[in-house]
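Have a look at the structure below, then the notes.
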Amino acid sequence: MAAQTTTAGDWLGLAGTVQVVTGAASGIGAGVARALAEAGADVALLDRDRPGVDALARALAGLPGRRIALACDISDESQVRQAAAAVEATLGPCRGLVNGAGILRPGGLAEVSLADWNAVLSVNLTGYLLCARAFGRSMRDRGRGSIVHIASVSASQPQTWSGAYSPSKAAVAILSRQLAAEWGPLGVRSNAVSPGMIRTELSAAFYARPGVTEAREAYTASRRIGEPEEIANAVLFLLSERAGYVNGAELGVDGGLPCMLMDRVPRPGFSADRSPSSTRPHQEGYP
């Protein structure tokens with residue numbers, strides 16, 4: 001489908017479109033919801049934290065477009081169906097879905113309980129499928145729509161002692177590609193965004209500990225920690241018709257974290273100068 005006509009003030013063409021964000025009460029989900037509201041979209045805020053989405057809806061009241069806040073556990077098929085019906089009745093047919101809800105239950109693979117394993121998969125994977133089915137129906141019927149799934153750098157780099165988290169995110173990445181292959185001919189695009197080193201409410205405790213921020217920054221090519229708004233920028237592009245020929249892709253928004261493996265491997269006599277002004281390695285005999 002050809003890209004739609006947009007105005008200079010609405011470069012992404014999202015104004016007036018109905019967009020659904022799961023996990024909207026906090027973190028990346030809240031950042032995406034705010035960015036969509038600022039772009040003039042009508043936004044459905046879904047989260048099992050009802051006070052959280054209600055508070056966000058109030059905070060966005062002064063921005064363009066309409067809002068609806070719904071309590072929804074995306075691992076519950078009946079709740080997802082009810083939410084989809086409420087969104088269509090209140091805002092209209094869904095044009096975009098951001099699968100952003102997620103949980104983490106820590107534990108090594110030798111001892112993580114089956115209950116915790118299944119709980120993570122039910123939200124982080126099955127919940128994404130349930131939302132894609134429920135909100136994607138109107139997209140398929142109308143031959144137009146975009147789904148963006150929030151995966152993680154841990155989809156390709158195992159995050160140890162985190163139970164099913166990495167397996168769930170790896171599964172999200174392939175789920176996104178399978179949806180792209182099956183629904184692409186119907187006019188629905190599916191892409192994944194994989195964040196890394198993003199400062200959210202869930203990670204705030206890490207950065208409160210002395211030295212953690214600096215250590216984490218050193219593992220990124222950009223030498224800094226990202227913010228939820230930077231994930232939102234990538235998500236909005238993928239939701240828009242500006243990305244009309246982007247389908248089945250996985251976009252890393254991680255400050256270049258995957259580039260840094262060899263930089264962190266000790267190489268005596270060939271270690272890069274960590275000062276910002278240096279672009280050359282230090283070698284013996286190499287000034």
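The values are calculated or read from the model by the stated rules, or taken from the named source; none is laboratory data. As the structure is a computational prediction, the values presented were derived from the model and not from experiment. Please note: Cβ atoms are built from the backbone with ideal geometry, for glycine as well, and neighbour counts cover all protein chains shown.
Quick check, is residue 189 of a type in the set (Lys, Arg), farther than 21 Å from residue 255 by Cα and crowded, with 20+ Cβ neighbours inside 10 Å? Explain how you work it out, then say what you get.
Details: of a type in the set (Lys, Arg): yes; farther than 21 Å from residue 255 by Cα: yes; crowded, with 20+ Cβ neighbours inside 10 Å: yes.
So residue 189 fits the description; yes.
Being of a type in the set (Ser, Thr, Tyr), farther than 24 Å from residue 46 by Cα and more than 15 Å from the chain's Cα centre (by Cα) narrows it down to one residue among 162, 138; which is it? Give the steps one after another, and end with the answer.
On the way: 138 fails: farther than 24 Å from residue 46 by Cα.
Exactly one residue qualifies, and that residue is 162.
Output the residue which, of all residues in segment 91-133 that are surrounded by fewer than 23 Cβ atoms within 10 Å (Cβ to Cβ), under 18 Å from residue 172 (Cα atoms) and small (Gly, Ala, Ser), is farthest from the chain's Cα centre (by Cα).
Looking at residues that are surrounded by fewer than 23 Cβ atoms within 10 Å (Cβ to Cβ), under 18 Å from residue 172 (Cα atoms) and small (Gly, Ala, Ser), I get 119.
Please enumerate the residues belonging to segment 20-39 that are outside any helix (DSSP H, G or I) and out of contact with any Cys (no Cβ under 9 Å at 6 or more places or on another chain). First the steps, then the outcome.
We begin by selecting, within segment 20-39, every residue outside any helix (DSSP H, G or I); these are 20-26, 39.
Listed by number, the residues that qualify are 21, 23, 24, 25, 26, 39.
Return yes when residue 87 is in a helix (DSSP H, G or I), farther than 24 Å from residue 203 by Cα and β-branched (Val, Ile, Thr) and no when it is not.
So residue 87 fits the description; yes.
Table: residues versus (1) under 24 Å from residue 187 (Cβ atoms); (2) basic (Lys, Arg); (3) at pLDDT below 95.
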| position | (1), (2), (3) |
| --- | --- |
| 2 | yes, no, yes |
| 12 | yes, no, no |
| 21 | yes, no, no |
| 51 | no, no, no |
| 71 | no, no, no |
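Considering only segment 179-194, I want to know if a residue exists there that is in a loop (DSSP other than H, G, I, E, B) and within 18 Å of the chain's Cα centre (by Cα).
Within segment 179-194, the subset in a loop (DSSP other than H, G, I, E, B) is 187.
Then drop every residue that is not within 18 Å of the chain's Cα centre (by Cα), which leaves none.
Checked against the condition, which is being in a loop (DSSP other than H, G, I, E, B) and within 18 Å of the chain's Cα centre (by Cα), segment 179-194 yields no hits at all.
Here is a yes/no grid of residues against (1) touching a strand residue (DSSP E or B) at 6+ places or on another chain (Cβ under 8 Å); (2) surrounded by 23 or more Cβ atoms within 10 Å (Cβ to Cβ); (3) under 19 Å from residue 32 (Cβ atoms):
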| site | (1), (2), (3) |
| --- | --- |
| 46 | yes, yes, yes |
| 55 | no, no, yes |
| 58 | no, no, yes |
| 76 | no, no, no |
| 86 | yes, no, no |
| 89 | no, no, no |
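Any residue in segment 196-224 that is aromatic (Phe, Trp, Tyr) sitting within a Cβ distance under 8 Å of a residue that is not in a helix (DSSP H, G or I)? List the pairs, counting only those 6 or more apart or interchain.
From segment 196-224, the pairs are 207/199; 207/225; 219/197.
Of all residues in segment 48-68, how many are free of Cβ contacts under 8 Å to residues at least 40 places away in the same chain and either farther than 17 Å from residue 101 by Cβ or hydrophobic (A, V, I, L, M, F, W, C) (or both)?
Counting residues in segment 48-68 that are free of Cβ contacts under 8 Å to residues at least 40 places away in the same chain and either farther than 17 Å from residue 101 by Cβ or hydrophobic (A, V, I, L, M, F, W, C) (or both) gives 13.
Scan segment 230-245 and report the pairs whose first residue is farther than 15 Å from residue 21 by Cβ and whose second residue is of a type outside the set (Gly, Ala, Ser) and part of a helix (DSSP H, G or I), with Cβ atoms within less than 7 Å and a gap of 6+ or a chain change.
243/237
If I filter segment 112-151 down to residues being touching a residue at least 60 places away in the same chain (Cβ under 8 Å) and in a helix (DSSP H, G or I), which single residue comes out as farthest from residue 93 (Cα to Cα)? Reasoning before the result, please.
First pass over segment 112-151, keeping only residues touching a residue at least 60 places away in the same chain (Cβ under 8 Å): 127, 131, 135, 143-144, 146, 148, 150-151.
If we keep only those that are in a helix (DSSP H, G or I) too, we end up with 127, 131, 135.
Working: 127: 20, 131: 14, 135: 9 Å.
Going through the qualifying residues, I end up with 127.
Can you spot a residue in segment 175-183 that is touching a Lys or Arg at 6+ places or on another chain (Cβ under 7 Å), surrounded by fewer than 23 Cβ atoms within 10 Å (Cβ to Cβ) and either farther than 19 Å from residue 23 by Cβ or of a type in the set (Gly, Ala, Ser) (or both)? So that I can check it myself, show each step before the final result.
Kept after step one, since they are touching a Lys or Arg at 6+ places or on another chain (Cβ under 7 Å), are these residues of segment 175-183: 180, 183.
After this cut, where a residue has to be surrounded by fewer than 23 Cβ atoms within 10 Å (Cβ to Cβ) as well, the list is 180, 183.
Those left that are additionally either farther than 19 Å from residue 23 by Cβ or of a type in the set (Gly, Ala, Ser) (or both): 180, 183.
So far as segment 175-183 goes, yes, one or more of its residues are touching a Lys or Arg at 6+ places or on another chain (Cβ under 7 Å), surrounded by fewer than 23 Cβ atoms within 10 Å (Cβ to Cβ) and either farther than 19 Å from residue 23 by Cβ or of a type in the set (Gly, Ala, Ser) (or both).
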